[in-house]
Amino acid sequence: MLKVGIIGIGAMGTAHFLRLMNKINNATVAAVSDINEERARNAIAPYPGVRFIADPIALINDPEVEAVVIVSADSTHEEFCLEALRLKKFIFCEKPLSSSAAGARKVVDAELAGGKRLIQLGFNRRFDPAYGELKELVSSGKLGMPLMAHCAHRNATYPEAFDDVVAVTGTAIHEIDIMSWLVGDYFTKAQVIFPKTSRHAKNPNLHDPQIVLLTTSSGMVVNCEIWVNCQYAYDIRCEVLCEDGTATLPRHARVEVCNANNRSCGMTSDGLNFFAESYDREFQAWVDACSADTYCAAAASAWDGYCAAVTTDSCLKSQKSGGIESVPLTNRPDFYC
């Protein structure tokens, strides 16, 4: 039974805690840490065997904790990963790996120096059955070479603190990782375009929606629509245009309702619910890999987290310059191949 420590018990951290306690085989949560002690204690109250440890570094060092799940503020991920790597403990880290490409590279270098892959990044869409089906079709070559892709990441609403930086590092980063994985290529150029801003954008430092244009090493162009106050629902879309046809992400099935001369299909504003199956699958894969003392080849690695950070840094530069920015990636080390 893998004994896990969780740092961060907000909405996502609590969902992961309940997942590990109730859905995932061969794992249990030994301890949690959060800056909001009351919230954390309320979450673990029904589970008397779970301890609260105020200091996250102390949690990582706790001898009972065999593996660490990091769901704390983005700015803390680098520090906690480095500490867990020092102790050679398995790590599940929600994106981003670090708040900067330089910080992400520091984590990669520490993992390389340790000689063992210990980090799995929380890019859950790699475990979504629909995305898996789409990747299998694109990779098969049945539709010819992929030429371009359209994708969209829409949230019904976001808190007022959400700004242009978080639009990239917290939202566009999902499209950056999944599209690179989907077409098996890395990005060399990035540009962010600001269309007309919605009146629902609460923060004066947020342009909403945004268009992120990405170019791969082979010349494929991916345009990503980022819209975090669309009002109607949480909505994810993707279409890949290939030489001999197109492949489109299937819409998540919802019950169709007919009443009063109206037909509708339900939607949700909850992204955690929208991708619930993929979260379950990625955590089971992580636990299985930790228990086998290896890594999950299907998951995003620390190197993938670094690639995403380099690309988001270029997007942030483009937000200010308005132009096309290069994505200065180096070759993937054999360690991560």
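No lab work stands behind these numbers, since they all come straight from the coordinates. From a predicted model like this one, the values you see are computed outputs, not experimental measurements. Neighbour counts are summed over all protein chains in view; Cβ atoms, including those assigned to glycine, are modelled from backbone coordinates with ideal geometry.
Just a few scattered comments:
- Prolate/oblate/rounded call for segment 215-307, Cα gyration tensor, a/c under 1.5 rounded: oblate
- Set of lysines with alpha-carbon distance to residue 3 below 21 Å, sequence-local pairs under 8 removed: 23, 88, 89, 116
- About the centre of its Cα atoms, segment 187-299 shows a dipole size close to 640 debye [charges on the beta carbon of Lys, Arg (+1) and Asp, Glu (-1) only; nearest 20 debye].
- On full extension, the segment bounded by residue 143 and residue 297 gains 52.8 nm, given 0.36 nm per residue less the C-alpha separation.
- Neighbour counting of Cβ atoms within 10 Å sorts the residues 134, 82, fewest neighbours leading, into 82, 134.
- About the centre of its Cα atoms, the chain shows a dipole size close to 260 debye [charges on the beta carbon of Lys, Arg (+1) and Asp, Glu (-1) only; nearest 20 debye].
- Rounded to two decimals, the Cα radius of gyration of segment 1-84 over 2.2 N^0.38 Å is 0.97.
- Taking all Cα pairs closer than 8 Å and separated by 6 or more residues, the relative contact order of segment 276-337 comes to 24 percent.
- Alpha-carbon gyration tensor eigenvalues x 5, square-rooted, for segment 240-279, Å: 27, 19, 7
- Stretch gain in nm, segment residue 133-residue 25, where the contour uses 0.36 nm per residue and the Cα spacing is subtracted: 36.4 nm
- Integer Hz, Karplus 6.51/-1.76/1.60 couplings in order for segment 17-22, x for Gly and Pro: 4, 5, 4, 5, 7, 10
- Expressed in units of 2.2 N^0.38 Å, where N is the residue count, the Cα radius of gyration of segment 121-192 is 1.26.
- The aspartates and glutamates whose alpha-carbon is closer than 19 Å to the alpha-carbon of residue 106, local same-chain residues fewer than 8 away aside, are 74, 78, 79, 83, 94, 304, 313, 334.
- Listed residues 101, 69, 141: farthest to the positive end of the dipole of segment 67-162 (Cβ charges): 141
- Across the chain, the relative contact order, built from alpha-carbon pairs under 8 Å that are at least six residues apart, equals 20 percent.
- Distance in nm between pseudo-label sites at residue 269 and residue 52 (7 Å out along the Cβ direction from Cα): 2.9 nm
- For the chain, the share of alpha carbon pairs falling in successive 20 Å distance bins from zero is 30, 59, 11, 0 percent.
- The magnitude of the dipole of segment 106-236, with charges of +1 and -1 set on the Cβ of Lys/Arg and Asp/Glu and taken from the Cα centre, is near 100 debye.
- Relative contact order computed over segment 193-264 (Cα-Cα under 8 Å; 6+ residues apart), in percent: 18 percent
- All C-alpha to C-alpha distances of segment 268-337, sorted into 5 Å bins beginning at zero, yield P(r) values of 3, 13, 15, 14, 15, 16, 14, 7, 2, 0 percent in whole numbers.
- The lysines whose alpha-carbon is closer than 19 Å to the alpha-carbon of residue 189, local same-chain residues fewer than 8 away aside, are 317, 320.
- Under the Karplus curve 6.51 cos²θ - 1.76 cosθ + 1.60, θ = phi - 60°, whole-Hz ³J(HN,Hα) for segment 143-158, x wherever Gly or Pro sits: 9, x, 5, x, 9, 7, 8, 10, 9, 9, 10, 10, 10, 4, 8, 9
- Across segment 309-321, coupling constants 3J(HN,Hα) worked out from phi with the 6.51/-1.76/1.60 Karplus curve, θ = phi - 60°, read 5, 4, 5, 5, 4, 5, 5, 5, 5, 5, 4, 8, 7 Hz, and Gly and Pro carry x.
- Range in the chain, longest, excluding exposed GluC sites (Glu not before Pro) [loop by DSSP; at most 13 other beta-carbon atoms within 10 Å]: 65-159
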